[in-house]
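Colleague: I have a structure I would like to understand better, so I am pasting it below and will then ask my questions one at a time.
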Amino acid sequence: MEQFVVSARKYRPQAFEAVVGQSHITDTLLKSVANDHLAQALLFCGPRGVGKTTCARILSKVINGGADLTDEELALNIFELDAASNNSVDDIRRLIDQVRFAPQTGKFKVYIIDEVHMLSQQAFNAFLKTLEEPPAHAIFILATTEKHKIIPTILSRCQIFDFKRITVDDIAAHLAFVAQKEGVTAEPEALHMIAEKADGALRDALSLFDRMISFSGNELTYEQVVNVLDILDYNYFFRTVALANDVNYPDLLLLYNEVLEKGFNGHEFVVGLAKHFRDLLVAREPRTVELLE
């Protein structure tokens, strides 16, 4: 039996050109490298699943001449630390001890510290001096989903890159690409619904896509996505608006109770209804129709 590889790993970008929805980041990094203007301390901020760690790994390859080095040689120059489980001052001191040594191959040793906001106060303080005056061969890439938890003295020493949530259209287009590669026939509405459910996180979208393919096989329909992922059909929102316009409050309450009996969260229904109202307002004006997702 062939080992299954999740789509998020199988289709992880290996070059900046393949990164989805973060061109403002990738273009800046490429120009910084080309102009020899790359800072030695970078902070990648943004929601989960939008490409922070992926971009850090790609940048590590680019600055070390990835095309000329094997993966094994590149691995000697890239060090990853998960600050969620290695957040003590001793962990940072061990990392600082390694920084002194020059790379065996390539130009730079790259240190990627994920979830950097999880470092302890003492660890942050121990890191300050090295981050401010790193050796010429060292590049630090810090990644976080919670920039507000990082102390100002660290922020002031880093060049900050803010990753954004990926648009529904960009996610849906990437899912269509993956579906084609995997030989899956997918309705555009089905992929669009998965993209909406992912809430801007491409990794989550790919995980949902894998889950749907496990259920549906090589044909993916809108109806399957709605049923399997427990997504409330848009028709409920249209019915809600119609009943409200008719001032038919008894049927409106019965409709809301029907939603709850189907197992949907009341808060999520209200949030979805608010988005529906927003879409209705946007759709009324030709100048704002393009804002619809």
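The values are calculated or read from the model by the stated rules, or taken from the named source; none is laboratory data. None of these values were measured; they are calculated from a predicted model. Backbone-built Cβ (ideal geometry, glycine too); neighbour counts: all protein chains shown.
Colleague: From the list F79, F16, which one is farther than 21 Å from A201 by Cα and either in the same structural domain as R157 (by the TED database) or out of contact with any Asp or Glu (no Cβ under 6 Å at 6 or more places or on another chain) (or both)? Before the answer, list the steps.
Modeller: On the way: F16 fails: farther than 21 Å from A201 by Cα.
Testing whether each residue is farther than 21 Å from A201 by Cα and either in the same structural domain as R157 (by the TED database) or out of contact with any Asp or Glu (no Cβ under 6 Å at 6 or more places or on another chain) (or both) leaves just F79.
Colleague: Still on this model: Restricting attention to region 96-119, and to residues there that are in a helix (DSSP H, G or I) and either in contact with a strand residue (DSSP E or B) (Cβ under 6 Å, 6 or more places away or on another chain) or of a type in the set (V, I, T) (or both), which single residue is nearest to A56 (Cα to Cα)?
Modeller: Within region 96-119, the subset in a helix (DSSP H, G or I) is 96-99, 116-118.
From the residues that got through so far, the ones that are either in contact with a strand residue (DSSP E or B) (Cβ under 6 Å, 6 or more places away or on another chain) or of a type in the set (V, I, T) (or both) too are 96, 99, 116-117.
Working: I96: 19, V99: 18, V116: 14, H117: 17 Å.
The extreme case among them is V116.
Colleague: Residue check: is N245 exposed (fewer than 12 other Cβ atoms within 10 Å of the Cβ) and either small (G, A, S) or within 20 Å of H267 (Cα to Cα) (or both)?
Modeller: No.
Colleague: In the list N77, N87, which residue meets the criterion of being within 26 Å of H37 (Cβ to Cβ) and without any contact (Cβ under 8 Å) to a residue 60 or more places away in the chain?
Modeller: Values: N87 fails: within 26 Å of H37 (Cβ to Cβ).
Being within 26 Å of H37 (Cβ to Cβ) and without any contact (Cβ under 8 Å) to a residue 60 or more places away in the chain holds for just one of N77, N87, which is N77.
Colleague: Can you pull out the residues in region 201-233 that are part of a loop (DSSP other than H, G, I, E, B), in contact with a helix residue (DSSP H, G or I) (Cβ under 8 Å, 6 or more places away or on another chain) and over 17 Å from L175 (Cα atoms)?
Modeller: Result: I231, L232, D233.
Colleague: Under 9 Å between Cβ atoms, which residue pairs at least 6 apart in sequence (or on different chains) link something in region 96-119 that is assigned by the TED database to the domain that holds A41 and at positive phi with a partner that is acidic (D, E) and part of a helix (DSSP H, G or I)?
Modeller: Listed pairs, sorted by first residue: G106/E73.
Colleague: Can you name every residue in region 13-43 that is over 18 Å from the mean Cα position of the chain (by Cα) and outside any helix (DSSP H, G or I)?
Modeller: N35, D36, H37, L38, A39, Q40, A41
Colleague: Looking at region 44-85, which of its residues are at pLDDT below 90, surrounded by 17 or more Cβ atoms within 10 Å (Cβ to Cβ) and part of a loop (DSSP other than H, G, I, E, B)?
Modeller: N64, G66, N77, A83
Colleague: Please count how many residues of region 131-189 are of a type in the set (K, R) and closer than 30 Å to T105 by Cβ. Give the derivation first.
Modeller: Kept after step one, since they are of a type in the set (K, R), are these residues of region 131-189: 147, 149, 157, 164-165, 181.
Those still in the list that are closer than 30 Å to T105 by Cβ too: 157.
Within region 131-189, residues that are of a type in the set (K, R) and closer than 30 Å to T105 by Cβ number 1.
Colleague: Something else about it: Taking region 234-288 only, how many residues are in a loop (DSSP other than H, G, I, E, B), hydrophobic (A, V, I, L, M, F, W, C) and within 29 Å of the chain's Cα centre (by Cα)? Show your work before the answer.
Modeller: In the first step, residues of region 234-288 are kept if they are in a loop (DSSP other than H, G, I, E, B); the result is 234, 246-248, 262-265, 285.
With the extra rule that they be hydrophobic (A, V, I, L, M, F, W, C), the set shrinks to 247, 264.
Applying the additional criterion that residues be within 29 Å of the chain's Cα centre (by Cα) yields 264.
Number satisfying all stated conditions: 1.
Colleague: Pick from A205, A201: which is touching a residue at least 24 places away in the same chain (Cβ under 8 Å), in contact with a Lys or Arg (Cβ under 7 Å, 6 or more places away or on another chain) and of a type in the set (G, A, S)? Quick ask: steps written out before the conclusion?
Modeller: Working: A205 fails: in contact with a Lys or Arg (Cβ under 7 Å, 6 or more places away or on another chain).
Within the list A205, A201, the selection yields A201.
Colleague: With the requirement that a residue be in contact (Cβ under 8 Å) with a residue 60 or more places away in the chain, assigned to a helix (DSSP H, G or I), more than 30 Å from P188 (Cβ to Cβ) and under 19 Å from the mean Cα position of the chain (by Cα), what does region 120-171 give you?
Modeller: Once the filter is applied, which keeps residues that are in contact (Cβ under 8 Å) with a residue 60 or more places away in the chain, assigned to a helix (DSSP H, G or I), more than 30 Å from P188 (Cβ to Cβ) and under 19 Å from the mean Cα position of the chain (by Cα), region 120-171 yields only K147.
Colleague: Which one is surrounded by the most Cβ atoms within 10 Å (Cβ to Cβ) among residues in region 110-156 that are acidic (D, E) and more than 19 Å from A84 (Cβ to Cβ)?
Modeller: E132
Colleague: Scan (1) free of Cβ contacts under 8 Å to residues at least 12 places away in the same chain; (2) under 20 Å from the mean Cα position of the chain (by Cα) for the single condition G217 breaks and write down its number.
Modeller: Of everything listed in (1) free of Cβ contacts under 8 Å to residues at least 12 places away in the same chain; (2) under 20 Å from the mean Cα position of the chain (by Cα), G217 misses just condition (2).
Colleague: Could you pull out the residue among D233, D204, D210, D251 that is of a type in the set (D, E) and touching a Leu at 6+ places or on another chain (Cβ under 7 Å)?
Modeller: Of D233, D204, D210, D251, the one residue that is of a type in the set (D, E) and touching a Leu at 6+ places or on another chain (Cβ under 7 Å) is D251.
Colleague: Taking into account only those residues within region 248-271 that are within 20 Å of V168 (Cα to Cα) and modelled with pLDDT of 85 or more, which is surrounded by the most Cβ atoms within 10 Å (Cβ to Cβ)?
Modeller: Step one: list which residues in region 248-271 are within 20 Å of V168 (Cα to Cα), which gives 268-269, 271.
Still in the list and also modelled with pLDDT of 85 or more: 269, 271.
Values: F269: 18, V271: 11.
So the residue we want is F269.
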